[in-house]
Amino acid sequence: MQRITSLPHYGRNILWLLDNLRQHRYKQIPQSDRIFDKNREIDRFLSSADDREFLTIKVGLILGIAGACRTDELVNLTVDNIEDVGSSLIVKITNTKTKIPRIFVVTDVGNMLELFRKYLSLRPPHVKHKRLFCTTKQENPVGKNTMGKIPSVVASYLKLPDVACYTGHCLRRSSATLLADAGVDIMTIKRHAGWKSTTVAEGYVENSIKNKTKIANQVLVGTTTSATTKTVNVSESNIPSNINFENCTNVTFNLNVNK
């Protein structure tokens with residue numbers, strides 16, 4: 001203590017700062033941001049909300065979830081960054097926080113491609129900028145504040161609790177959580193979101209509720225994922241029009257054709 005008081009005023013401030021950093025270096029800031037569920041919330045909003053009022057919100061939601069996009073990345077997205085190849089959209093994010101460009105794809109799930117094409121067709125003519133998101137009437141690009149409110153607008157429409165907790169970072173966190181719940185590896189999540197460190201990606205895998213449920217079943221019940229074989233005989237007279245598979249992973253089809 002005598003050594004600290006003998007230092008000049010700025011020296012004591014530096015030591016005080018270092019001491020506080022040492023005390024708080026291992027404390028984590030709790031994540032209050034909420035995330036969206038794919039089936040119950042994202043799909044419901046896309047199918048039920050009126051396009052005349054929520055089309056911009058829908059396209060922002062689709063791209064934000066599909067690409068784990070930050071608010072700034074959506075704001076700076078241009079029409080030249082998106083290539084429509086018919087069966088999907090190829091989206092290039094060139095201006096990122098980590099300076100790591102990345103590419104993601106939006107496939108023809110539900111009516112996602114239809115919504116994007118409808119939004120692009122309504123783009124005002126003779127717009128002087130190439131930003132994708134712009135106001136329909138004023139032709140001005142949509143700003144960061146408006147884009148950051150997309151999750152809260154969706155949550156408000158769906159009448160979800162704690163609307164204020166659906167911040168601009170919600171889309172990115174929801175995307176990473178959906179991947180973690182799907183059981184993908186850490187490197188895939190890291191590449192998808194463009195993180196340099198694996199620490200953040202590890203957190204999503206560790207906190208995945210589905211992963212925790214699987215672990216709980218293995219610990220408490222002793223169950224593990226087992227392989228199930230099912231044989232179906234189909235003849236020319238009883239060929240089904242469609243076959244549905246649910247809750248399946250690592251599925252292998254063996255087709256034996258007898259002439």
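Side notes on the structure shown:
- Backbone HN-Hα couplings from phi across the stretch 106-116 [Karplus 6.51/-1.76/1.60, Hz, Gly and Pro as x]: 10, 8, 7, 9, x, 10, 5, 5, 4, 5, 5
- Charged side chains reduced to their Cβ positions (Lys and Arg at +1, Asp and Glu at -1) give the stretch 46-98 a dipole of some 200 debye around its Cα centre.
- Amide H partners (placed H, <5 Å) of THR135, local residues excluded: ASN140, VAL142
- Ordered by 1.4 Å accessible area with all protein chains kept, CYS165, CYS134 run largest first as CYS165, CYS134.
- Label zone at ARG131 (point 7 Å along Cα-to-Cβ), backbone N below 14 Å, the stretch 63-98: 71-79
- Rolling a 1.4 Å probe over the protein heavy atoms gives the stretch 116-223 an accessible area of 59 Å² per residue.
- Euclidean distance between Cα centres, the stretch 27-91 to the stretch 163-205, Å: 14 Å
- The length gained by stretching the chain between ARG44 and ILE209 to full extension, at 0.36 nm per residue less their Cα-Cα distance, is 57.3 nm.
The values are calculated or read from the model by the stated rules, or taken from the named source; none is laboratory data. Given the structure is predicted, the values throughout are model-derived calculations rather than measurements. In this analysis, Cβ positions are derived from the backbone assuming ideal geometry, glycine residues included, and neighbour counts consider all displayed protein chains. Heavy atoms of the whole protein, side chains included, go into the accessibility calculation; ligands, DNA and RNA do not. Shrake-Rupley method; radii C 1.70, N 1.55, O 1.52, S 1.80 Å.
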